[in-house]
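Read through the structure below, which is laid out as structure tokens, and then see the notes.
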Amino acid sequence: MAQPDAKPLCPTITGSPIARLRHYAHAVWAENIKEWKLELTYPADFARGLIDPVVYLLPYLLYGLALVGGRQSANLEKLVGTSDIVTFVTLGYVFIGFLNMALWAMGFSLRKEQFYGTLESVFAAPVPRWIFTMGMSMHSILHQTLMIAVQIVFITALFNMTVNPVGLLPSLAIVGLMLVALYGIGMIMASTTLIFKQGWLISEGLGSILLVVTPIAYPLAVLPVFMQKVALTVPTTYGILTVRHFLLGERMGFSVTTAFLRVAVLSVVWVAFGLIVFALIDRYTRRSGTLSHY
Amino acid sequence: MSATVAPARSGMTSASYAHVVWAEFTKTVNIWLSYPIMIAFWAVFPLLWVMPYVFQGKALVGSMSSPSFQQLTGSGNYMAFVLIGAMISTFIFSGLWGVGNSLREETYWGTMEYIIASPTPPLVILIGKTLAEWAWSSLMVAFQAAIIGIFFGVQFTVAKVLPVMLLLGLLMVGFYGFAIAFAGLTLLIKEVQGYVHTLEWVFFLFSPIRYPVQVNPITQLVSTLIPLTWALVAIRSIMLVNQKPVNLWRTVIVLCAMDIVLLVGGYFLFVWLERKTRRDGTVGMH
């Protein structure tokens with residue numbers, strides 16, 4: 001019985017690079033679809049998840065309005081060349097969703113499989129483990145895009161937000177590059193779950209620190225110098241600053257080319273580092289026999 | 001079975017209930033102490049979560065005081081505003097998760113059936129959990145107050161702390177009533193994480209944890225229905241505007257009235273939900 005099933009798999013994996021890539025792409029897509037199916041099984045939770053980011057954003061906006069007494073901040077204008085706090089904060093805030101992808105969706109992916117009782121099956125599947133986390137990140141990117149769309153439609157309707165439409169395409173380009181770097185961070189987070197099991201504390205801790213150093217609702221200039229230095233190693237910093245530069249005219253303190261180059265370097269570094277850490281921890285948990293520990 | 005349970009339950013005295021409350025208290029504390037890193041986490045991170053608001057203020061205003069904020073709240077010190085909001089909300093969110101979600105946790109641990117089958121009413125167990133949660137939150141807030149006092153210069157004098165503790169007590173008595181009703185809801189609908197998150201929204205958006213709700217007429221109107229709003233406004237007026245506690249009698253009356261409604265309502269709702277799940281035979285379901 002097992003023979004007919006086993007035959008097609010092995011030749012696919014050991015076949016030509018294109019066949020192997022197709023095999024991997026198929027696995028990534030299957031993982032993505034599986035996550036959507038699980039998510040849509042609970043429609044109320046899914047709907048709540050779409051409204052969540054809007055409601056969490058509103059206190060930032062209302063707080064800003066209370067501080068300034070209106071929508072335009074003279075001090076912000078002096079710091080970055082734009083005074084519209086609503087658009088400034090909203091554009092920065094959408095990146096929290098991408099951070100969550102790396103920290104929670106990918107970071108928690110293996111723990112979730114453990115909850116479902118399917119982690120061992122995933123690890124025994126004839127694809128590399130990073131393919132599995134890539135499927136999770138694909139689902140998360142699509143989900144985040146949907147959430148951001150809801151967020152922007154709602155805030156635009158409520159506050160009449162306007163951006164420079166010419167900046168949309170280059171913004172998507174920097175976001176695409178940034179996502180590659182975030183995938184590397186997500187790999188590290190996923191691997192920590194294999195060792196620490198209850199890895200939410202690491203995700204929460206790192207997420208909280210990144211939330212402070214990333215210039216979501218303020219420019220880098222207001223952070224203490226050591227935080228500014230940390231912020232420059234985080235891909236979302238460049239994502240936020242460059243997108244706001246394209247759409248809102250924010251002054252970044254470095255050129256667009258520098259921003260793209262730095263994110264490209266960060267992508268290579270984080271992905272390489274993420275894959276190495278994941279491989280090492282994966283091997284360690286297999287050897288120590290703690291994969292199935294809870 | 002029922003013949004054994006009924007006499008045992010009716011034979012329980014106040015002293016034995018107190019013993020159960022103490023046992024539940026120590027059990028919950030022992031579970032927390034098994035994860036010492038959690039103490040450091042909850043003492044520090046709620047303050048870290050408000051740092052973006054402090055930097056946002058610095059970027060939008062250019063100084064540590066905002067005239068517009070002063071007009072709305074009576075104090076232009078927005079940093080102290082958000083830090084106090086973070087401290088007080090620690091009690092609320094710890095109660096929401098720690099008490100509201102506590103019976104659900106027993107389900108995860110596989111001990112829910114034992115609680116239901118024991119001769120103690122689950123409400124008594126919940127009182128033990130509530131006291132433990134109160135002690136835990138108080139410890140965390142004490143840490144936070146020390147950090148705020150040392151690093152951010154917010155002063156906590158005895159003359160201010162005592163009325164603040166009274167207001168806090170009035171706030172939490174009612175809120176724990178609500179949390180107990182919520183715990184009853186977990187017996188019925190089991191997975192309530194989504195609902196807890198929704199309640200978090202409600203508190204963040206419609207009470208002045210992180211911004212003065214007066215800035216928008218809708219949030220201002222809705223916020224008056226939430227006890228946290230009354231308590232936070234009064235606590236900040238003592239801490240930041242140096243208002244005399246005697247002038248806060250109106251807030252005390254409102255909080256007392258809300259406490260009665262929430263405690264009585266919470267008690268009856270819990271008892272009804274517990275009875276319903278027992279009758280439906282769904283206690284052990286996951």
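The values are calculated or read from the model by the stated rules, or taken from the named source; none is laboratory data. Here the structure is a predicted model, which is why all the values come from computation and not from measurement. Using ideal geometry, Cβ is built from the backbone for each residue, glycine included, and neighbour counts are taken over all protein chains shown.
Looking at segment A:117-137 only, could you name the residues that are within 17 Å of A:Leu275 (Cβ to Cβ) and buried (at least 17 other Cβ atoms within 10 Å of the Cβ)?
Of the residues in segment A:117-137, the ones within 17 Å of A:Leu275 (Cβ to Cβ) are A:123, A:127-137.
Passing the criteria: A:Phe123, A:Val127, A:Arg129, A:Trp130, A:Ile131, A:Phe132, A:Thr133, A:Met134, A:Gly135, A:Met136, A:Ser137.
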### Query
Is there a residue in segment A:65-82 that is touching a Lys or Arg at 6+ places or on another chain (Cβ under 8 Å) and polar (S, T, N, Q)?
yes
### Which numbered condition A:Thr193 fails, given (1) β-branched (Val, Ile, Thr); (2) more than 14 Å from chain B (Cβ to nearest Cβ); (3) surrounded by fewer than 22 Cβ atoms within 10 Å (Cβ to Cβ)
(3)
### Task
Would you please name the residue that is nearest to the other protein chains (Cβ to nearest Cβ), looking only at residues in segment B:25-60 that are of a type in the set (Phe, Trp, Tyr) and out of contact with any Ser or Thr (no Cβ under 7 Å at 6 or more places or on another chain)?
B:Phe55
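Just to check your reading of the model, which residue among A:Gly92, A:Gly107, A:Gly97 is of a type in the set (Gly, Ala, Ser), crowded, with 22+ Cβ neighbours inside 10 Å and under 18 Å from A:Ala217 (Cα atoms)?
Numbers: A:Gly107 fails: under 18 Å from A:Ala217 (Cα atoms); A:Gly97 fails: crowded, with 22+ Cβ neighbours inside 10 Å.
Exactly one residue qualifies, and that residue is A:Gly92.
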### Query
Any residue at all in segment A:74-84 that is touching a strand residue (DSSP E or B) at 6+ places or on another chain (Cβ under 9 Å) and either more than 19 Å from A:Val243 (Cα to Cα) or touching a residue at least 60 places away in the same chain (Cβ under 8 Å) (or both)?
yes
### Query
Quick one: what pairs do we get from segment A:136-165, first residue closer than 17 Å to A:Leu61 by Cα, second exposed (fewer than 14 other Cβ atoms within 10 Å of the Cβ), C-beta under 9 Å, 6+ apart or different chains?
A:Thr156/A:Thr162
### Selection status of A:Phe88, in contact (Cβ under 8 Å) with a residue 60 or more places away in the chain and either within 11 Å of B:Leu60 (Cβ to Cβ) or among the hydroxyl-bearing types (Ser, Thr, Tyr) (or both)
yes
### Query
With (1) crowded, with 22+ Cβ neighbours inside 10 Å; (2) among the β-branched types (Val, Ile, Thr); (3) over 25 Å from B:Ile253 (Cβ atoms) as the list, and B:Thr130 as the residue in question, which single condition is left unmet?
(3)
### Query
Given the structure, is A:Ile202 assigned to a helix (DSSP H, G or I), surrounded by fewer than 23 Cβ atoms within 10 Å (Cβ to Cβ) and of a type in the set (Val, Ile, Thr)?
yes
### Message
Against the condition more than 8 Å from chain B (Cβ to nearest Cβ), modelled with pLDDT of 90 or more, assigned to a helix (DSSP H, G or I) and surrounded by 20 or more Cβ atoms within 10 Å (Cβ to Cβ), how does A:Leu61 come out, does it pass?
### Response
yes
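Tell me whether segment B:72-90 contains one or more residues that are more than 21 Å from B:Phe156 (Cβ to Cβ), within 9 Å of another protein chain (Cβ to nearest Cβ) and touching a helix residue (DSSP H, G or I) at 6+ places or on another chain (Cβ under 7 Å).
The first filter runs over segment B:72-90 and keeps only residues more than 21 Å from B:Phe156 (Cβ to Cβ), leaving B:72.
From the residues that got through so far, the ones that are within 9 Å of another protein chain (Cβ to nearest Cβ) too are B:72.
Checking which are touching a helix residue (DSSP H, G or I) at 6+ places or on another chain (Cβ under 7 Å) leaves us with B:72.
Yes: one or more hits.
When you go through B:Gly76, B:Gly98 one by one, which is the residue that is surrounded by 18 or more Cβ atoms within 10 Å (Cβ to Cβ), under 24 Å from B:Ser207 (Cβ atoms) and free of Cβ contacts under 8 Å to residues at least 12 places away in the same chain? Write out each step before concluding.
On the way: B:Gly98 fails: free of Cβ contacts under 8 Å to residues at least 12 places away in the same chain.
The conditions single out B:Gly76.
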### Message
So A:Glu77 ticks every box in (1) in a helix (DSSP H, G or I); (2) surrounded by fewer than 20 Cβ atoms within 10 Å (Cβ to Cβ); (3) away from chain B (no Cβ under 14 Å) but one. Which box is left unticked?
### Response
(3)
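Which residues, counting only those in segment A:64-74, are more than 7 Å from every other protein chain (Cβ to nearest Cβ) and not polar (S, T, N, Q)?
Within segment A:64-74, the subset more than 7 Å from every other protein chain (Cβ to nearest Cβ) is A:70-72, A:74.
Passing the criteria: A:Gly70, A:Arg71, A:Ala74.
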### Message
Any residue in segment B:30-56 that is without any contact (Cβ under 8 Å) to a residue 24 or more places away in the chain sitting within a Cβ distance under 8 Å of a residue that is surrounded by 15 or more Cβ atoms within 10 Å (Cβ to Cβ) and not in a helix (DSSP H, G or I)? List the pairs, counting only those 6 or more apart or interchain.
### Response
B:Pro52/A:Ile216; B:Pro52/A:Ala217; B:Pro52/A:Tyr218; B:Phe55/A:Ala217; B:Phe55/A:Tyr218; B:Phe55/A:Leu223; B:Gln56/A:Ala217; B:Gln56/A:Tyr218
### Query
Given the structure, is A:Ala44 out of contact with any helix residue (DSSP H, G or I) (no Cβ under 8 Å at 6 or more places or on another chain), of a type in the set (A, V, I, L, M), modelled with pLDDT under 85 and farther than 22 Å from A:Phe159 by Cβ?
no
### Query
Quick one: what pairs do we get from segment A:23-49, first residue closer than 21 Å to A:Ile148 by Cα, second among the charged types (D, E, K, R) and surrounded by fewer than 17 Cβ atoms within 10 Å (Cβ to Cβ), C-beta under 7 Å, 6+ apart or different chains?
A:Phe46/A:Glu39
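Would you check which residues across segment A:219-244 are touching a residue at least 24 places away in the same chain (Cβ under 8 Å) and under 21 Å from A:Ser73 (Cα atoms) and list them? Show your work before the answer.
Restricting attention to segment A:219-244, the residues satisfying the condition of being touching a residue at least 24 places away in the same chain (Cβ under 8 Å) are A:219-222, A:232-244.
Result: A:Pro219, A:Leu220, A:Ala221, A:Val222, A:Ile240, A:Leu241, A:Thr242, A:Val243, A:Arg244.
Mind telling me which of the residues A:Thr236, A:Thr242, A:Thr214 ends up being buried (at least 20 other Cβ atoms within 10 Å of the Cβ), at pLDDT below 95, more than 13 Å from chain B (Cβ to nearest Cβ) and under 17 Å from the mean Cα position of the chain (by Cα)? I'd like the intermediate steps shown before the answer.
On the way: A:Thr242 fails: at pLDDT below 95; A:Thr214 fails: more than 13 Å from chain B (Cβ to nearest Cβ).
Criteria check complete, one pass: A:Thr236.
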### Query
If you go through segment A:252-294, how many residues are closer than 14 Å to A:Tyr238 by Cβ, part of a loop (DSSP other than H, G, I, E, B) and not aromatic (Phe, Trp, Tyr)?
3
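Is there a residue being in contact (Cβ under 8 Å) with a residue 40 or more places away in the chain and more than 21 Å from B:Val82 (Cβ to Cβ) anywhere in segment B:194-210? Give the derivation first.
The first filter runs over segment B:194-210 and keeps only residues in contact (Cβ under 8 Å) with a residue 40 or more places away in the chain, leaving B:196, B:199-200, B:203, B:208-210.
Applying the additional criterion that residues be more than 21 Å from B:Val82 (Cβ to Cβ) yields B:196.
So far as segment B:194-210 goes, yes, one or more of its residues are in contact (Cβ under 8 Å) with a residue 40 or more places away in the chain and more than 21 Å from B:Val82 (Cβ to Cβ).
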### Query
Before we move on, is B:Val154 of a type in the set (A, V, I, L, M) and not in a helix (DSSP H, G or I)?
yes
### Message
Restricting to segment B:229-264, name every residue that is among the hydroxyl-bearing types (Ser, Thr, Tyr) and touching a residue at least 60 places away in the same chain (Cβ under 8 Å).
### Response
B:Ser237, B:Thr251
